[in-house]
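Data block below; observations after.
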Amino acid sequence: MCLAVPMEIEAINESVADVRVGEVRHQVRLDIIDEQPQVGDFVIVHAGFALRRIDREEGLATLKLFQEGLNLELS
Amino acid sequence: MCLAVPMEIEAINESVADVRVGEVRHQVRLDIIDEQPQVGDFVIVHAGFALRRIDREEGLATLKLFQEGLNLELS
Amino acid sequence: MNDAKVLLDYGSGGRASHRLIGELLLRHFRSPELARLNDAAVLDLRGPVAVSTDSFTVDPIFFPGGDIGSLAVHGTVNDVAMLGARPLYLTCALILEEGLPMADLERIVASLGQAADAAGVAVVTGDTKVMPRGQADKIFINTTGIGQIMVATPPSGDRARPGDAILVSGSMGDHGLTILSQREGLAFDAPVESDSACLSHLILKLLEALPDIHVLRDPTRGGLATTLNEIAGQSRAGCLIEESSLPVKQAVKAGCSFLGLDPLYLANEGKFICILPEAQADAALSILRADPLGKDAARIGTVTAENPGKVVMRTPLGGHRMLSMLEGEQLPRIC
Amino acid sequence: MNDAKVLLDYGSGGRASHRLIGELLLRHFRSPELARLNDAAVLDLRGPVAVSTDSFTVDPIFFPGGDIGSLAVHGTVNDVAMLGARPLYLTCALILEEGLPMADLERIVASLGQAADAAGVAVVTGDTKVMPRGQADKIFINTTGIGQIMVATPPSGDRARPGDAILVSGSMGDHGLTILSQREGLAFDAPVESDSACLSHLILKLLEALPDIHVLRDPTRGGLATTLNEIAGQSRAGCLIEESSLPVKQAVKAGCSFLGLDPLYLANEGKFICILPEAQADAALSILRADPLGKDAARIGTVTAENPGKVVMRTPLGGHRMLSMLEGEQLPRIC
Amino acid sequence: MNFLDKFRDPELCRRLLELIHKESKGVRFMEVCGTHTVSIFQSGIHTLLPDNVVHLTGPGCPVCVTHDREVAAYLELAARPGVTIATFGDLIKVPGPKGRNLKTAQADGADVRVVYSPFDSLELARKLPDRQVVFLGIGFETTAPAVAATLKAAREQKLANFKVLPFHKLVPPALRGLLSDPEMRIEGFILPGHVSAVIGLDPYKFLGDDCGLPAAITGFEPLDLLQALLFLVRQKNTGGHEVVNQYRRVVADAGNPKAMQVMYEVFEPADALWRGIGTIPGSGLAIREEYAEHDAFRALDLTLPEVPPLPGCRCGEVLKGKMRPDQCPLFKKACTPATPVGPCMVSTEGSCAAYFKYQLDA
Amino acid sequence: MNFLDKFRDPELCRRLLELIHKESKGVRFMEVCGTHTVSIFQSGIHTLLPDNVVHLTGPGCPVCVTHDREVAAYLELAARPGVTIATFGDLIKVPGPKGRNLKTAQADGADVRVVYSPFDSLELARKLPDRQVVFLGIGFETTAPAVAATLKAAREQKLANFKVLPFHKLVPPALRGLLSDPEMRIEGFILPGHVSAVIGLDPYKFLGDDCGLPAAITGFEPLDLLQALLFLVRQKNTGGHEVVNQYRRVVADAGNPKAMQVMYEVFEPADALWRGIGTIPGSGLAIREEYAEHDAFRALDLTLPEVPPLPGCRCGEVLKGKMRPDQCPLFKKACTPATPVGPCMVSTEGSCAAYFKYQLDA
Ligand code: SF4
Ligand code: SF4
Ligand SMILES: [Mg+2]
Ligand SMILES: [Mg+2]
Ligand SMILES: [Mg+2]
Ligand SMILES: [Mg+2]
Ligand SMILES: [Mg+2]
Ligand SMILES: [Mg+2]
Ligand SMILES: [Mg+2]
Ligand SMILES: [Mg+2]
Ligand SMILES: [Mg+2]
Ligand SMILES: [Mg+2]
């Protein structure tokens, strides 16, 4: 449905950000992202647009749930 | 200067004539020829236009001058 | 093949490419080596070998007397034969323009397959690329031909010797004028067709009887005039040509007359020049004339020590002029 | 050459064609046989011979890691080597678009000449056509390669046997991703270059030590997935591939991730698949890894009796899926 | 970003699979999103699940749900002189009537350009001022905001020759539509991660509240999927009908209000045609009056052509989870990726194509 | 038409050559027309004449006399976007400033079409309604009426996108110009057969009357040429200065009034630039006011660019008969058909090209 990949912000110029995934660099539009991202943030990119900032804390928390004895109660 | 070749008229449709040289057939325009040619006439063709009707009598007369003892006084 | 037109996918290397090979090419090029579908073909060859390559881009792709498919066989097979070789194998690389009607492709491929069969050559390996519309023109075909050399000293463009007789196997300019007569905006009606033909059997017949032929060459692009100039240059000898002995068909002469062209610069695709010792000229002419492809063969001149590198024409009046190489292609002219 | 751009006349067969050959091609393809300027080249070959042909139409014509000239050598030389042959001779047929900058042509021809020298092959005969602007795209190159087969039973796509090990000589998808990264409207910045390289010396090293290699094939158009499917089909055997063992560069993975592409369908131009008896796999890997062109070589799977004609991938989770052949080329996608 | 790689960790996955095997008493789940379908097939999860976990693929591939009448419409545009079609690569091979698609249109002379981003097609419109550049607006709530932002930019930049053909679809109304079919036998949903990044959790609440079905907004890594599956197994076991957000690192419960706002500034809800399903009220997006000059329908005087139905295609049933692709009588016979009969065979994400491509025994 | 073949009869030619050899006491003649030049070289007549018959080639190749400023003008047009050039093949390689020509223009992207007849370029204008189709109007009185008839048709058919760039030249004013040079050493003229078919005998009368020079309107077969040469030899021997019509089968003494009328309906006399000679008053044809919308100068806002003179070219002297081509220091060195310095090296009919191409010892 909607292929989207995490990319790291390297620079921001108004509505356009330079992003990278590994050593591959590209540009994305920032017109529809809800939180203005900062350099160093990861965003999820779809069709050349940054869709959302990736929340590292939430991600780590999700992982922690597994690692702590696979307690899989969600939310 | 002005490459022009004799071609024989095979058919006439208003300003266009079907002409042939040997077995090669083409079309020519009749816009600038001074005497309307007839089927069977030879015309001299330049750049797709019939320029003049070829006068067979004059041609034969020119040749005759040679053949009759190469009397080369011209006109 | 389901599609009515060639799609880009046919050149992708994926399923569509494989379908094209399986359903079309293998069907018309009935060659076991090709059917193995390896990266390369394995051929068994012994001793000296002649190899020639040509890309065919003729427009129109179908013309009176042939098409780009048969031409791609004849053109390359003839070049191989010109070295005194028996053509055995052919590679075939197609570049197709997206949108080419499949029916045209099939017709061309079938014609190529038939021409290869008739010439006794097997299509042993190939390649297909498809270009986006407007990045190629309908179809280009590259063929590379491989043949076994049949004589101890192969004929070569640098072996013309003063005193040698110069023969041609038939009339000049048929292919070139035919193609011109089909050109958009130029089209005229002429009872002439391309002479496109495979010459190898005739060449081999000739070489069997007369193994010391010095030069064999097919006057293709650039025509007789250009090819003779090449030979004169390679051999550092002159060529003296008798204008009145040149075989040119009436229709070719007529077509050239009103376009301001010279048939000696028009391409041939089923004729060759043969240069050999004077003493063998008559024998060669009888062998040539006994074959339908050589029935209009003629002796057209002599190799000379004078004017090395040049081609000189003796006119019907007994005058002389140079027959030089053109800069580019001939264009219709009014002056 | 005086002109700044390629003119139609260069393909006429007349003086302009001869200048192009004399002043440009002969200078960069320093081959005595080519310099004889005959219709065909005379080669001395003994015994079984491998022949392959390919047309190169890559766009852009210059790309990180190579250009269409060197690629035209590598692509064909590699195909010849895949049959266990030492590449010796190359034919070279150019189709040029009118208006191609002469500087580009010279750069490509020089690169082709250097790549041929480096590969130890001589360009022995050639052809040049020039198409009117818009009827070809800049330059297409056809090369046909000829080599002497060095082993008793040449490797072939139909010789994969159950139990055989499947190796690749290095990382997958470098060439394909590099070309994609240069496409107009898609351009992205990736630290990756084409792997275009001549593999014949490495192949010969391998065959000298291990003459019983069953299959050698370079996964070019269509990539590893397509080529393995071809082999599975020709050999009527299955291929079981271990996904986690596939060498793919980080940059290639990354570039593929956001375009929705799979590196296993991207072209390689300097890699090969080697299928050989299990017992020889380690020996082959050490030979490969000792060479700069094989330093990332890996064993990626096994030939199986199950699933004949299919390629099955074991995923890192231990699941299985088919690696099938695509219909056409991969396209960037959003879903 | 190493922590993201953890979501592929084979060891963690193995332990989750063990739990699923141990605990499952049988569940029929559907993943709505085609990207989930591909993830499941590519990772091979489908070959690792217990037999009683039955996996159905839903209507979540924008290509698969594009109706033949919609395909016929853009093929008609593509054939018009002076029109350039800009499209995501996904649509290139989607068959319309008589098997014709953008590839065959191109072979017939149409000018078709594949773009990575809708924004790239603005550049195309600038470079081709004499042509009408029509972007094919397909995709769900994830994609529609990007197309909306592009349309806003086109209006600001006065690129009058840029048009959008609005074929976007909305997920929640489609789920409602599916569930209204009494034959529906789904017991839990894997909800689309990136659609949800835009719309959030709320629009799915009806699944639990009204239909009594559990559901999880899910990420695309193996760990995400397995975590959601274990959740569905446990819900089934306990008779639960919770709707949860497993993909918290990307999806806020409230979604992305900015994206929604841009989307509804340009588009307004409309009925839409779904391939194999038919019209679903309020499940599409029309271009608002203010943007009419960029609407391919209005500006280029286009209507949806009537077309005959695809003979024999069971896509509708596949999309509704009533039938597995390999149960369709045409599958792998008349219908292959080279000659797709239905849309499910076209996209890499189509249920039938995924079966064809990845399923060993299909 | 067998009787025409007779004009090539080698036996008749041989007997005429014998008479010329026997009677000639020396004559320097000039053939004005390039087609005569080619006929003489192709038949080899120049190698069969006695040494005291000196053969000079005049300004009779429309390509050779096209001025560099005229070439620069059409190259400027060719480089404009939206312009298609229609031309006779003869002009394709004519060099302008910096050696650039229509071939190099084409390689740079210009749209150049070779036509056989000017009338064919109307078809081109119809097929390319969005482009300006400019026909390059070169040629003498033979060609100008055909171009005039084409312009009339364009106006009737309202083909507004068809233009002509009028570079036609007139022969009699040029001959007057040549003869005004005191260094001129010509003793007789072979007059152009097909120009004369249009203009007739009268315009040449001044040659005999005012300049005391004999001249013959001549056909293009060997017999025609030899007959005219014998006439010039005899005139020289007897001090005659008759002007005669040898080519009566094609040329009426009165010319072709219809062709003249069409020509002057569309064109009017104007000064013209001749390459190597300069401006000759009244020697060209401008497009009349009524046809202004088809005049490339007026309709496309074109003027003749200033250009630097061709360095070292002696064409002017060659055209005036003061120098043989092989006496030019650049001949066969800097100047060849591949890299022509002057226009005489370009056309097949150019004096220098004919020497290069046909002359064995040149
Ligand atoms: S296999 Fe083909 S025909 Fe059958 S449901 Fe799938 S797409 Fe439709
Ligand atoms: S040889 Fe060349 S430079 Fe000399 S006069 Fe002739 S055209 Fe001019
Ligand atoms: Mg290969
Ligand atoms: Mg050849
Ligand atoms: Mg050839
Ligand atoms: Mg190939
Ligand atoms: Mg074309
Ligand atoms: Mg040849
Ligand atoms: Mg190959
Ligand atoms: Mg290859
Ligand atoms: Mg050739
Ligand atoms: Mg191009």
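If you check C:Ala119 against the conditions, is it within 16 Å of ligand 4 (Cβ to nearest atom), more than 13 Å from chain D (Cβ to nearest Cβ), open to solvent by 10 Å² or more (accessible area, probe 1.4 Å) and at pLDDT 95 or above?
yes
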(request) Identify all residues within the stretch D:34-89 that are away from ligand 4 (no atom under 16 Å from the Cβ), surrounded by fewer than 24 Cβ atoms within 10 Å (Cβ to Cβ) and within 27 Å of C:Ile149 (Cα to Cα); write none if there are none. (result) D:Asp44, D:Leu45, D:Arg46, D:Gly47, D:Pro48, D:Arg86, D:Leu88
(message) Test of understanding: among C:His201, C:His214, which residue is within 12 Å of C:Ile273 (Cα to Cα) and away from ligand 11 (no atom under 16 Å from the Cβ)?
(response) C:His214
(request) May I ask you to list the residues in the stretch F:108-126 that are part of a strand (DSSP E or B) and more than 14 Å from chain B (Cβ to nearest Cβ)? (result) F:Asp111, F:Val112, F:Arg113
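Yes/no per residue for (1) open to solvent by 10 Å² or more (accessible area, probe 1.4 Å); (2) free of Cβ contacts under 8 Å to residues at least 24 places away in the same chain:
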| site | (1), (2) |
| --- | --- |
| E:Thr87 | no, no |
| E:Lys103 | yes, yes |
| E:Ser117 | no, no |
| E:Phe135 | no, no |
| E:Leu159 | yes, no |
| E:Val164 | no, no |
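Could you list, in sequence order, the residues of the stretch C:215-228 that are open to solvent by 20 Å² or more (accessible area, probe 1.4 Å) and either over 28 Å from C:Tyr89 (Cα atoms) or not polar (S, T, N, Q) (or both)? Break it down into steps so the answer makes sense when it comes.
Taking the stretch C:215-228 and keeping what is open to solvent by 20 Å² or more (accessible area, probe 1.4 Å), we get C:220-221.
Hit for the stretch C:215-228 is C:Arg221, nothing else.
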(message) If I ask for residues that are more than 9 Å from chain B (Cβ to nearest Cβ), open to solvent by less than 30 Å² (accessible area, probe 1.4 Å) and without any contact (Cβ under 8 Å) to a residue 40 or more places away in the chain, which ones from the stretch F:219-259 would you list?
(response) F:Gly240
(request) Evaluate the stretch D:18-35: report whether one residue or more is touching a residue at least 60 places away in the same chain (Cβ under 8 Å) and at the interface with another protein chain (Cβ under 8 Å from one of its Cβ atoms). (result) no
(message) Of everything in the stretch F:260-288, what is open to solvent by 20 Å² or more (accessible area, probe 1.4 Å) and within 16 Å of F:Val147 (Cα to Cα)? Give them in sequence order.
(response) F:Met260, F:Gln261, F:Tyr264, F:Glu265, F:Glu268, F:Pro269, F:Ala286, F:Arg288
(message) Condition first: closer than 20 Å to D:Arg27 by Cβ, in contact with a strand residue (DSSP E or B) (Cβ under 8 Å, 6 or more places away or on another chain) and either in a strand (DSSP E or B) or away from ligand 5 (no atom under 16 Å from the Cβ) (or both). Can you find one or more residues in the stretch D:133-140 that meet it?
(response) yes
(request) Give the stretch C:168-202 a look and list any residue that's assigned to a strand (DSSP E or B) and surrounded by fewer than 24 Cβ atoms within 10 Å (Cβ to Cβ), or say none. (result) C:Asp189
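Scan the stretch D:65-76 and give yes if some residue there is facing another protein chain (nearest Cβ under 7 Å) and either under 29 Å from C:Leu34 (Cβ atoms) or in contact with a Leu (Cβ under 9 Å, 6 or more places away or on another chain) (or both), otherwise no.
Taking the stretch D:65-76 first, the residues facing another protein chain (nearest Cβ under 7 Å) are none.
Within the stretch D:65-76 (the criterion being facing another protein chain (nearest Cβ under 7 Å) and either under 29 Å from C:Leu34 (Cβ atoms) or in contact with a Leu (Cβ under 9 Å, 6 or more places away or on another chain) (or both)), the answer is no, since none of the residues qualifies.
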(request) Working only within the stretch E:24-48, note down all residues that are within 23 Å of E:Thr238 (Cβ to Cβ) and surrounded by fewer than 21 Cβ atoms within 10 Å (Cβ to Cβ). (result) E:Ser24, E:Lys25, E:Gly26, E:Arg28
(request) Take the residues in the stretch E:83-107 that are at pLDDT 95 or above and away from chain D (no Cβ under 13 Å), then tell me which one is nearest to E:Val307 (Cα to Cα). (result) E:Ala105
(message) For the stretch C:208-253, give me the residue count where each residue is closer than 16 Å to C:Arg321 by Cα and in a loop (DSSP other than H, G, I, E, B).
(response) 1
(request) Would you be able to say whether some residue in the stretch D:123-141 is within 15 Å of ligand 10 (Cβ to nearest atom) and either open to solvent by 10 Å² or more (accessible area, probe 1.4 Å) or not aromatic (Phe, Trp, Tyr) (or both)? (result) yes
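Given the structure, is C:Val215 in contact with a Leu (Cβ under 6 Å, 6 or more places away or on another chain) and within 14 Å of another protein chain (Cβ to nearest Cβ)? First the steps, then the outcome.
Values: in contact with a Leu (Cβ under 6 Å, 6 or more places away or on another chain): no; within 14 Å of another protein chain (Cβ to nearest Cβ): yes.
No: the conditions fail for C:Val215.
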(message) Within the stretch E:205-215, does at least one residue satisfy the condition of being under 18 Å from A:Ala61 (Cβ atoms) and outside any helix (DSSP H, G or I)?
(response) no
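It is to be established whether one or more residues within the stretch B:13-30 are within 7 Å of chain F (Cβ to nearest Cβ), in a loop (DSSP other than H, G, I, E, B), under 21 Å from F:Val198 (Cβ atoms) and touching a helix residue (DSSP H, G or I) at 6+ places or on another chain (Cβ under 8 Å).
First, the residues of the stretch B:13-30 that are within 7 Å of chain F (Cβ to nearest Cβ): B:29.
Retained after the next criterion (residues that are in a loop (DSSP other than H, G, I, E, B)): none.
The answer is no, given that none of the residues of the stretch B:13-30 is within 7 Å of chain F (Cβ to nearest Cβ), in a loop (DSSP other than H, G, I, E, B), under 21 Å from F:Val198 (Cβ atoms) and touching a helix residue (DSSP H, G or I) at 6+ places or on another chain (Cβ under 8 Å).
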(request) Scan the stretch F:204-218 residue by residue and report those that are in contact with a Pro (Cβ under 9 Å, 6 or more places away or on another chain) and surrounded by fewer than 20 Cβ atoms within 10 Å (Cβ to Cβ). (result) F:Phe206, F:Gly208
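Against the condition buried (at least 24 other Cβ atoms within 10 Å of the Cβ) and within 30 Å of B:Gln27 (Cβ to Cβ), how does C:Gly145 come out, does it pass?
Numbers: buried (at least 24 other Cβ atoms within 10 Å of the Cβ): yes; within 30 Å of B:Gln27 (Cβ to Cβ): no.
So C:Gly145 fails the test.
So which residues in the stretch C:270-290 are open to solvent by 10 Å² or more (accessible area, probe 1.4 Å) and under 15 Å from C:Glu208 (Cβ atoms), if there are any at all?
Going through the stretch C:270-290, the residues open to solvent by 10 Å² or more (accessible area, probe 1.4 Å) turn out to be C:271, C:277-280, C:282-283, C:285-287, C:289-290.
Scanning the stretch C:270-290 gives C:Gln280, C:Ala283, C:Ser286, C:Ile287, C:Ala290.
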(request) Quick one: in the stretch E:182-203, of everything that is touching a Phe, Trp or Tyr at 6+ places or on another chain (Cβ under 8 Å) and of a type outside the set (Gly, Ala, Ser), which residue is surrounded by the fewest Cβ atoms within 10 Å (Cβ to Cβ)? (result) E:Glu187
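For (1) more than 25 Å from D:Leu88 (Cα to Cα); (2) within 16 Å of ligand 2 (Cβ to nearest atom); (3) of a type in the set (S, T, N, Q), each residue gets a yes or a no:
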{"residue": "C:Val51", "(1), (2), (3)": "no, no, no"}
{"residue": "C:Ser55", "(1), (2), (3)": "no, no, yes"}
{"residue": "C:Ser70", "(1), (2), (3)": "yes, no, yes"}
{"residue": "C:His74", "(1), (2), (3)": "yes, no, no"}
{"residue": "C:Asp79", "(1), (2), (3)": "no, no, no"}
{"residue": "C:Arg86", "(1), (2), (3)": "no, no, no"}
{"residue": "C:Tyr89", "(1), (2), (3)": "no, no, no"}
(request) Spot the failing condition for D:Met131; the list is (1) more than 16 Å from ligand 11 (Cβ to nearest atom); (2) farther than 28 Å from D:Leu276 by Cβ, and only one is missed. (result) (1)
(request) Go through the stretch F:28-53 and count every residue that is outside any loop (DSSP other than H, G, I, E, B) and closer than 15 Å to F:Ala228 by Cβ. (result) 13
(message) Residue under question is E:Asp361, and the condition is that it be within 19 Å of E:Phe41 (Cα to Cα) and of a type in the set (D, E, K, R); does it hold?
(response) yes
(request) Could you tell me which of the residues E:Val307, E:Val262 is in a helix (DSSP H, G or I), aliphatic (A, V, I, L, M) and modelled with pLDDT of 85 or more? (result) E:Val262
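The values are calculated or read from the model by the stated rules, or taken from the named source; none is laboratory data. Keep in mind that what you see is a predicted model, and the values were worked out from it rather than measured. When we count neighbours, we look across all protein chains shown, and the Cβ atoms used for this are built from the backbone with ideal geometry, even at glycine. Remember, those area values only see protein heavy atoms, side chains included, never the ligands or the DNA or RNA. Shrake-Rupley method; radii C 1.70, N 1.55, O 1.52, S 1.80 Å.
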